[in-house]
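The values are calculated or read from the model by the stated rules, or taken from the named source; none is laboratory data. As the structure is a prediction and not an experimental result, all values here were calculated from the model. Quick reminder, even Gly has a Cβ in these numbers, built from the backbone with ideal geometry, and neighbours come from all protein chains shown.
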Protein chains: 2
Amino acid sequence: MEDRKYTILLADDEKEIVDLLSLYLENAGFSVIGVFNGKEAFDVLCRKDAFIDAAVLDIMMPGMDGYTLVRKIRETSNMPILILSARSDDSGKILGLDLGADDYITKPFNPLEITARVQAQLRRYYRLNAPAAQAQERITAGGLVLDRASCTLTKNGREIPLTAIEYRILCLLMENRGRVFTKSRIYEHVWGGDFYESDDNTVMVHISKLRDKIEDDPRNPVYLKTVRGLGYRFEKEK
Amino acid sequence: MEDRKYTILLADDEKEIVDLLSLYLENAGFSVIGVFNGKEAFDVLCRKDAFIDAAVLDIMMPGMDGYTLVRKIRETSNMPILILSARSDDSGKILGLDLGADDYITKPFNPLEITARVQAQLRRYYRLNAPAAQAQERITAGGLVLDRASCTLTKNGREIPLTAIEYRILCLLMENRGRVFTKSRIYEHVWGGDFYESDDNTVMVHISKLRDKIEDDPRNPVYLKTVRGLGYRFEKEK
DNA sequence: CGCAGCCTTAAAATTACCTTAAAAAATGCC
DNA sequence: GGCATTTTTTAAGGTAATTTTAAGGCTGCG
């Protein structure tokens, strides 16, 4: 474990639970931000001045239930999430885990166990989420340079104007150089939401436009390759 | 591509549990290696031909108890580990988690919950640990290397162009090396939908084309074998 | 030896993909 | 808010590649 003090977001509408668990977690060396409903929890997460290392969330909360909160957190973060609930049915457990929670503990619980599980999750998180995972700001391929800080593409030193969608597609494919993406996967990543057959053509049009912009000969692409029947791939550089 | 099959090591001295859980995990799309004591489990982990994505281990096992096994696994691997135990005392749980287990589930349990927890652990593991994910996206057999990220096949370092259907058939068979697939099973996996008699020949044509591409002598195939009356099998590597 | 199962090859059929332009929607400026 | 501009989506024609179908021949087994 690193030396710094980790901050845990603890959200439960039962004040006694928040107080009790806070005690144990603080005793174990954590810093705890305790709140009593889902909305507050979400607000804490949106604040820039409080970095949360892990969340311990009750399911049944006013303002925003735990499931919704898990989903929202997962849109932007990989932080460990542990769910607490008085529900003992398994379908609720499975739903929580499917939504992206990392653990699910039913009440009543032993606070020491919660503490151990939080520690285990954080240990794992910081072991696996190495500094090497730090995002590169620039991705280079041949004469192309994608700058993700400024959201620009340059080819041989000259900026190529991209539309938002073109940029997002290229970003996805260049970040995952070599990997084949189906049209539906591209759609889901770039547009979000569900893919329908008719969206096929939309993706293809954008791919075509992107090729016009980045390839020397768009009809014989060097970077943005088609894998017929499977999808598209940004070529790994040689 | 993202849909490869994960392999779970399942170790418990109660055969009924191994059988039951295997059923559920296999139904969820996992490949399961079931063993009945700690020593066997450790032996499986030392084998080079079986890459284990996650382990589900009982604590009280002959040959090597679960705690020892967790410690040994953690010496060399970050794979997700889930512990099963009849013990309900919390100190055992906490010890397991401190040793490096990622989850601890007390018996009796719902197999669906175990499955969901395995899935959650794997999801997290491969989201946070990208290099590990990539290592497993290649399957090697002799001079053949199937790369499932880029959807390419290379033979002795040179890329062999495959059509989408050829690629899918080969993927299926190489992922399940050694296993016989009937023509109808191949059809259902690769094409989806129902198999009719007339599709027999379609499958055979593709197999023939695939042999042309991957075998040194397609008429005397070394990799892609026919099991007369039963189906086809990609030979296990020697 | 007969026959079912399998293999191979080539032609017919189908499909996936590409491009282009028009319609629709979104954005930015005055 | 109106309007010009830009972006995105939809529609449609064309083509190369892939897939399916058909059919002759080979192989292994009872």
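The residue of the range A:204-217 that is farthest from residue B:191 (Cα to Cα), among those that are without any contact (Cβ under 8 Å) to a residue 24 or more places away in the chain and either surrounded by 15 or more Cβ atoms within 10 Å (Cβ to Cβ) or within 14 Å of another protein chain (Cβ to nearest Cβ) (or both), is A:215. So is residue A:228 surrounded by fewer than 19 Cβ atoms within 10 Å (Cβ to Cβ), within 14 Å of another protein chain (Cβ to nearest Cβ) and either more than 14 Å from DNA strand D (Cβ to nearest atom) or modelled with pLDDT under 90 (or both) or not? Considered against the rule, which asks whether it is surrounded by fewer than 19 Cβ atoms within 10 Å (Cβ to Cβ), within 14 Å of another protein chain (Cβ to nearest Cβ) and either more than 14 Å from DNA strand D (Cβ to nearest atom) or modelled with pLDDT under 90 (or both), residue A:228 comes out as no. Being among the aliphatic types (A, V, I, L, M), modelled with pLDDT under 90 and buried (at least 20 other Cβ atoms within 10 Å of the Cβ) holds for only one residue in B:28, B:11, B:54, B:41, and it is B:41. Taken together, the residues in the range A:89-109 that are farther than 10 Å from residue A:67 by Cα and among the aliphatic types (A, V, I, L, M) amount to 2.
When the range B:154-184 is limited to residues that are within 20 Å of the chain's Cα centre (by Cα) and within 14 Å of chain A (Cβ to nearest Cβ), the one that is surrounded by the fewest Cβ atoms within 10 Å (Cβ to Cβ) turns out to be B:168.
For the range A:191-198, the count of residues that are among the aromatic types (Phe, Trp, Tyr) and touching a residue at least 40 places away in the same chain (Cβ under 8 Å) is zero.
Just one of the listed residues (A:223, A:187, A:196) is of a type in the set (Phe, Trp, Tyr), over 22 Å from the mean Cα position of the chain (by Cα) and within 11 Å of DNA strand D (Cβ to nearest atom), and it is A:196. With respect to the conditions (1) surrounded by 14 or more Cβ atoms within 10 Å (Cβ to Cβ); (2) away from DNA strand D (no atom under 16 Å from the Cβ), residue A:233 lacks only one, and its number is (2).
Just one of B:86, B:116, B:120, B:101 is modelled with pLDDT under 80 and small (Gly, Ala, Ser); which is it?
On the way: B:116 fails: modelled with pLDDT under 80; B:120 fails: modelled with pLDDT under 80; B:101 fails: modelled with pLDDT under 80.
Of B:86, B:116, B:120, B:101, the one residue that is modelled with pLDDT under 80 and small (Gly, Ala, Ser) is B:86.
Rundown of residues vs (1) more than 14 Å from chain A (Cβ to nearest Cβ); (2) touching a residue at least 24 places away in the same chain (Cβ under 8 Å); (3) assigned to a helix (DSSP H, G or I), yes/no style:
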site: B:22; (1), (2), (3): yes, no, yes
site: B:26; (1), (2), (3): yes, no, yes
site: B:45; (1), (2), (3): yes, yes, yes
site: B:56; (1), (2), (3): yes, yes, no
site: B:60; (1), (2), (3): yes, yes, no
site: B:63; (1), (2), (3): yes, yes, no
site: B:68; (1), (2), (3): yes, yes, yes
site: B:79; (1), (2), (3): no, yes, no
site: B:101; (1), (2), (3): no, yes, no
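Checked against the criteria, residue A:233 counts as touching a Lys or Arg at 6+ places or on another chain (Cβ under 6 Å) and within 24 Å of residue B:164 (Cα to Cα).
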